[in-house]
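Engineer: One structure coming up, written as structure tokens, with questions to follow.
Laboratory data are not the source of any read-out in this text; all were calculated from the coordinates shown. Note that this is a predicted model, so its numbers are computed, not measured. In this analysis, Cβ positions are derived from the backbone assuming ideal geometry, glycine residues included, and neighbour counts consider all displayed protein chains.
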Amino acid sequence: MRKKIVAGNWKMNMTTEEATSLVNGLKAELAIFRGADVVVCPPFTAISTVSALVQGTHIDLGAQNMHWEKSGAYTGEISAAMLRELYCHYVILGHSERRTYFGETDEIVNRKVKAALAATLHPIVCVGETLAQREAGEVETVITTQVRGSLAGLSQKEILDSVIAYEPVWAIGTGKTATSAQAQEVHALIRKTLASMYDAAIADGVRIQYGGSVKPGNAKELFSMPDIDGGLIGGAALDAKSFIDIVRAAV
Ligand code: PEP
């Protein structure tokens, strides 16, 4: 049985003061919650503050990006070890906003995934097609290429330590959610791709989140699909009540 995992991607939002208020709101309901794994991914500047606030609770901490090198002349970048030092256990990699605005390719994402795993961080690896690709009938090609490319060369243990997030680009921040059937179809495709890369048992153990305009009103139906193991939540993760309601929909 795969335990569901709900992660909040705060993106470039939340000063440390705002983050403190949001996390205190989450802690009131989720500090001892065990029904699903709960992760918050603040911007780098709030990670230290949030790390101290979630210590001793069941709320886990993640980052939204990192560099693949261990250290060096990479102005503006952050290493996996720097995230581990602040007790991050997860890192979102290959988000469509990173792919679109910062030119991240599957090869770059793959380097980051390997660096994260080497530092004992769990990567949350994002894949997803654009609307144009969906309308051109390219979903299968795009998704299998991203899955194979982003996860190339991972051992069985490493793939099981990873989380995949299916995020159709056309559903991110747009209010347009994939229907539960559309999402399930792609999640099943991702699992089939993993089975061909490893085997059915390994594929069955990997958690695949759905992301794209998940809200309290649609979370339950999405999370009830057989291959959907929770969600990666953007906008709705910035409001304590909405995020808590989405987490509770995962049980
Ligand atoms: C995301 O950016 O990962 C995301 C799913 O955003 P939203 O929930 O706002 O669509």
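Engineer: Roughly how many debye, to the nearest 20, is the charge dipole of the chain about its Cα centre, given +1 on each Lys and Arg Cβ, -1 on each Asp and Glu Cβ, and no other charges? Could the numbers behind the result be given before it?
Structural biologist: Numbers: 24 positive and 27 negative charges, 78 e Å.
With only Lys, Arg, Asp and Glu charged at Cβ, the dipole is about 380 debye.
Engineer: If the limit is 29 Å between Cα atoms, which of Lys114/Lys215; Lys192/Lys241; Lys157/Lys241; Lys27/Lys70; Lys11/Lys176 go over it? Don't skip to the end; give the middle numbers.
Structural biologist: Details: Lys114/Lys215 32 Å; Lys192/Lys241 35 Å; Lys157/Lys241 35 Å; Lys27/Lys70 33 Å; Lys11/Lys176 19 Å.
Beyond 29 Å between Cα atoms: Lys114/Lys215; Lys192/Lys241; Lys157/Lys241; Lys27/Lys70.
Engineer: What is the distance in Å between the Cα centres of region 33-51 and region 192-251?
Structural biologist: Each part reduced to its Cα centre gives a spacing of 17 Å.
Engineer: Under 5 Å between amide H atoms, partner at least 5 residues away or on a different chain: which partners does Ile233 have, H built in plane at 1.01 Å?
Structural biologist: Ala7, Gly8, Asn9
Engineer: Using each residue's phi in region 2-12, evaluate 6.51 cos²θ - 1.76 cosθ + 1.60 at θ = phi - 60° and report the 3J(HN,Hα) Karplus result to the nearest Hz, with x for Gly and Pro.
Structural biologist: 7, 7, 5, 9, 10, 10, x, 9, 7, 6, 8
Engineer: Once amide H atoms are built 1.01 Å from N in the peptide plane, which residues 5 or more positions from His67, or in another chain, come under 5 Å H to H?
Structural biologist: Ile78, Ser79, Ala80
Engineer: Mind checking the dipole of region 1-84: about its Cα centre, +1 per Lys or Arg Cβ, -1 per Asp or Glu Cβ, Debye to the nearest 20?
Structural biologist: Values: 8 positive and 7 negative charges, 78 e Å.
Value, rounded to 20: 380 debye.
Engineer: How large is the helix-only mean residue ellipticity at 222 nm for the chain, computed as the sum of -39500 (n - 2.57) over DSSP H runs with n ≥ 4, divided by its residue count, in deg cm²/dmol to the nearest 500? Don't jump to the answer; show the numbers that get you there.
Structural biologist: On the way: 12 runs with 115 residues, N = 251.
Computed ellipticity for the chain at 222 nm equals -13000 deg cm²/dmol.
Engineer: Could you tell me whether region 138-241 comes out rounded, prolate or oblate from its Cα gyration tensor? Rule is a ≥ b ≥ c as square roots of the eigenvalues, rounded for a/c under 1.5, then prolate if a/b exceeds b/c, otherwise oblate.
Structural biologist: Values: a/c = 1.93, a/b = 1.72, b/c = 1.12.
Judged from the Cα gyration tensor, region 138-241 comes out prolate (a/c at least 1.5, a/b above b/c).
Engineer: Want the number for Gln182 to Tyr74: 0.36 nm per residue separation, take away the alpha-carbon distance, what's left? Spell out each step's value before the answer.
Structural biologist: Numbers: separation 108, 0.36 × 108 = 38.88 nm, distance 3.97 nm.
Extra length from Gln182 to Tyr74 when fully extended: 34.9 nm.
Engineer: Of Ile244, Thr105, Gly230, which is farthest on the positive side of the dipole of region 95-251, counting Cα position, with +1 on Lys and Arg Cβ, -1 on Asp and Glu Cβ, and the Cα centre as origin?
Structural biologist: Value: Ile244.
Engineer: Collect residues whose amide H, placed 1.01 Å from N in the peptide plane, falls under 5 Å from the amide H of Asp37; neighbours closer than 5 in sequence don't count.
Structural biologist: Here Lys4, Ile5, Val6 satisfy the definition.
Engineer: Local charge sum around Gly234 (other residues, Cβ-Cβ under 11 Å, Lys/Arg +1, Asp/Glu -1)? Mind dumping the intermediate values first?
Structural biologist: Working: positive: Lys11, Lys215; negative: Glu97, Glu167.
Counting the neighbours of Gly234, the net charge comes to 0.
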